[in-house]
Amino acid sequence: MEKKNIVIVGAGFGGVAAALALDKKLRAAGKTDLFQILLIDRHRHQLYTPALYEIAAIPRASAPDKPLAASFLLPLEEIVKNTSIQILRDEFIRVDPSQNILVTKNNSMLPYRFLILALGAEVNYFNIPGLAEEGIPLKTAEDAVRLRNAVEEGMQKKESLKIVIGGAGASGVELAAEFVNYVCALKEKDAHANICNASFLLVEGTPEILPGFSPLIAGITRKRLKQLGIVIKTNAKITSVKDCRVTFQDGAQEEYDILVWTGGVKGPAIFANSPLPLSPKGSILVDGNLRVKELQSVFAIGDNAFVIHQKTNTPLPWVVPVAEAEARYVASHIIREIKGKSLYPFRPWEKYPFVITAGKKYAIADLIFFQSWGILGWVIKIAVELRYLLSILPAKKAFRLWRKHVTLYQANDQ
């Protein structure tokens, strides 16, 4: 009997978690002779995205471009080793739910019994004139390396450097805090600059930094950023960018040497050409079982899914713990459906753990049952990374890669 396909598109945190959970559950259920898991991604690796801001702040002298980026790319072949998961290097084009067919760039038409869409999100420039052309995003390893190089080249050309970061969510906060030490450390090593003559402006369109986080966490973070000398500008919506100048809604302007954009994401543009129901931000609308609305065999998880919390009536954040929770639920749901067992809805937590780093071995950690900030928060941060690497890679390789990451993280913490 020909095996039926369980296809997962996207090898980010959600996609990999779903694949590994399904493989384990299929083996336990004795169904590996009936189903095969196909994990599709256009890359041969998974990018460890929580470290993007670190990549952008590691001096060239410590790590050349390609080896630096490669250090945070986790090979998919290593992740699926000793499993029955098959890797297909391909790209999503569209889905035909009427025939249970996935159309891809290389394999053309791929039949599926179950399909999980986990393509992540794309940078959202909100149609702000000039922003896409002049702003540097922080979404890929290439973006991080490009930003790192732009900073170092900028310092070689100017005695004083002004960096503006648009978006004070977790990514913007982490990057701003890390850049203070990075830029100042490089300045001090420059024979022509014995002091750090650089300025940092963190811009947020809402009334407070870290929108969606508790007032306590936002307050602790704000205090830390001010201690680092970072200027914070809230209630400041950018309306245009031109000639190294940002214009805000109230008409005020700010000049910059480097503009970084971490102010928003949206669903993959490719979905616009598919029959999938989409939210205003281009993410996929799902029901209480994380199935794409009106479709029985198609699920969406992670950043490309628009999931509403039943109690708070607010969208779930697009963060790693949520993506992994959704992945585990969908894997269980599929197995229960295969077994003919009753199904239950996805019940997200009201709060998920997180760690926000704030420069030079300082982090704010909220593990729900325990909160900490400072050096202990940073220790929790690197422990969380080790835990993740151990969950997807052989122990020896996980520890070796983790040690390398920790060494790189400290490259600008002197």
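Overview of results
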read-out: Given charges at beta-carbon only (K, R positive; D, E negative), |dipole| of region 191-297 in Debye; value: 240 debye
read-out: Net dipole in debye of region 242-290 [+1 Lys, Arg Cβ; -1 Asp, Glu Cβ; about Cα centre; nearest 20]; value: 260 debye
read-out: Angle in degrees between helix 13-29 and the longest Cα principal axis of the chain, rounded to the nearest 10; value: 30 degrees
read-out: Inter-label distance, nm, simple model (7 Å from Cα along the C-beta direction), Asp33/Ile308; value: 4.5 nm
read-out: Accessible-area order (highest first, 1.4 angstrom probe) of the listed residues Met109, Met155; value: Met109, Met155
read-out: Farthest positive-ward along the chain dipole, Cα basis, beta-carbon charges - from Ile40, Gly172, Gln227; value: Ile40
read-out: Violating pairs (Cα-Cα greater than 32 angstrom) within the set Lys24/Lys66; Lys157/Lys361; Lys158/Lys223; Lys226/Lys381; value: Lys24/Lys66
read-out: Accessible surface ranking that places the most exposed of Glu324, Glu78 first, with a 1.4 angstrom probe; value: Glu78, Glu324
read-out: Degrees separating the helix 215-227 axis from the principal Cα axis of the chain, which is the longest one; value: 40 degrees
read-out: Rh (Kirkwood; distinct C-alpha pairs) - the chain, Å; value: 22.5 Å
read-out: Spatially proximal aspartates and glutamates relative to Lys31 (Cα-Cα < 18 Å; intrachain offsets below 8 disregarded); value: Glu2, Asp23, Glu337
read-out: Cα-based helix-to-principal-axis angle, 141-157 vs the chain, degrees rounded to 10; value: 10 degrees
read-out: Rounded percent of accessible protein surface that carbon and sulfur make up, the chain, 1.4 Å probe; value: 53 percent
read-out: Potential lengthening between Glu294 and Ser240 on full extension [0.36 nm per residue; Cα-Cα distance subtracted]; value: 15.5 nm
read-out: Where Trp373, Trp261, Trp318, Trp349 fall by accessible area, highest first, once all protein chains stay in place (1.4 Å); value: Trp349, Trp373, Trp318, Trp261
read-out: Separation in nanometres of the label points that stand 7 Å from Cα toward Cβ, at Thr83 and Phe370; value: 2.8 nm
read-out: Distance between modelled label sites at Ala252 and Ser214, nm, 7 Å Cα→Cβ extension; value: 3.0 nm
read-out: Dipole magnitude of the chain about its Cα centre (Cβ charges: Lys, Arg +1; Asp, Glu -1), debye to nearest 20; value: 1300 debye
read-out: Additional length obtainable on full extension of the chain from Ser108 to Leu390, 0.36 nm per residue less Cα span; value: 98.0 nm
read-out: Signed unit charges on C-beta, dipole axis of the chain, positive-most listed residue Leu76, Ile338, Val7; value: Ile338
read-out: Amide proton proximity set for Ile232, modelled H, under 5 Å, gap of 5+; value: Leu202
read-out: Region 266-387 shape via C-alpha gyration tensor axes, a/c threshold 1.5; value: prolate
read-out: Cα centroid of region 38-84 to Cα centroid of region 95-121, whole Å; value: 25 Å
read-out: Anchor Lys396: aspartates and glutamates whose Cα lies under 17 Å away (excluding residues fewer than 8 positions away in-chain); value: Glu77, Glu78, Glu385
read-out: Whole-number accessible area per residue in Å² for the chain, which is evaluated in the context of all protein chains at 1.4 Å; value: 46 Å²
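The values are calculated or read from the model by the stated rules, or taken from the named source; none is laboratory data. This structure is a prediction, so every number in the text was calculated from the model and none was measured. For neighbour counting, all protein chains shown are included, and Cβ atoms are generated from backbone atoms with ideal geometry for every residue, glycine included. The area values use the complete protein model at the heavy-atom level, side chains included, leaving out ligands, DNA and RNA. Shrake-Rupley method; radii C 1.70, N 1.55, O 1.52, S 1.80 Å.
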